[in-house]
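Some notes on the structure that comes next.
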Amino acid sequence: MKFLLVMGMLIPWASFTQEIPDALADTICVQRDLPDLIRSARNKPPKVKEQKTSSLLLIPIIGSNPATGFMLGVGGQYAFKMPESKLYSLISGSAQVTTKDQYIFMLKKYLFKKTETLLHRRLEVLNHPA
C-alpha cells in the first residue's frame, strides 16, 4: 500500500503531458479550422475576426441541500476591457431563490483603472427568514 502511495506521488512529476516535444514543434502542418477550409474551398477570402472587448455568460443555477431546500437561480459574468486599460475587468453575480423562502444575491467586481490599479468589491445579500 505504501508503494502505491509513493508511486502515486512520483508519477505526476515524471509526466510531461503539457510540454510540446521539440520534434513536434517544427512541423510543416498548419492548423486550420473547418470554417476556414470551407471558405477556401468556395474561393472566398478569409473572414476577418473583430477583436472583442467584452463577453457575457449566463448560467442557470439548480441545486438542493437540507439547509436551503430546492434552489433555482441564475449566475452570470460580464468581462470587458476599459478603453484606457490593457487588462480585462470583471463583474460576476448570482440571484437564487429557495423553497424555504430564502433569497440569495451575490455580486463581485474586479475593475482595472487606467493606471492598472485593481478595484475589488464584494456584496452579498442573504435573506433567511426565521
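Where a number appears in this text, it was derived from the coordinates with a stated rule and is not lab data. Predicted model, so just to flag it, every value in this text is computed and none were measured. Note that we place each Cβ from the backbone using ideal geometry, even for glycine, and neighbour counts take in every protein chain shown.
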Fill in the blank from the handout: Here Rg/Rh (Cα, Kirkwood) for region 44-129 equals 1.17
Fill in the blank from the handout: Here, residue 36 and residue 124, labelled 7 Å along Cα→Cβ, have an inter-label distance in nm of 4.5
Exercise for the section: For region 40-51, just list the computed ³J(HN,Hα) in residue order, Karplus coefficients 6.51, -1.76 and 1.60, θ = phi - 60°, integers in Hz, with x standing in for Gly and Pro. Expected result: 6, 5, 8, 6, 9, x, x, 6, 7, 8, 7, 7
Exercise for the section: Given a cut-off of 18 Å, name the pairs among 47/86; 52/109; 86/113; 49/109 whose C-alpha atoms lie farther apart than that in the structure shown. Expected result: 47/86; 52/109; 49/109
Fill in the blank from the handout: For 36-48, 104-116, ranked highest to lowest by mean beta-carbon neighbours within 10 Å, the order is 104-116, 36-48
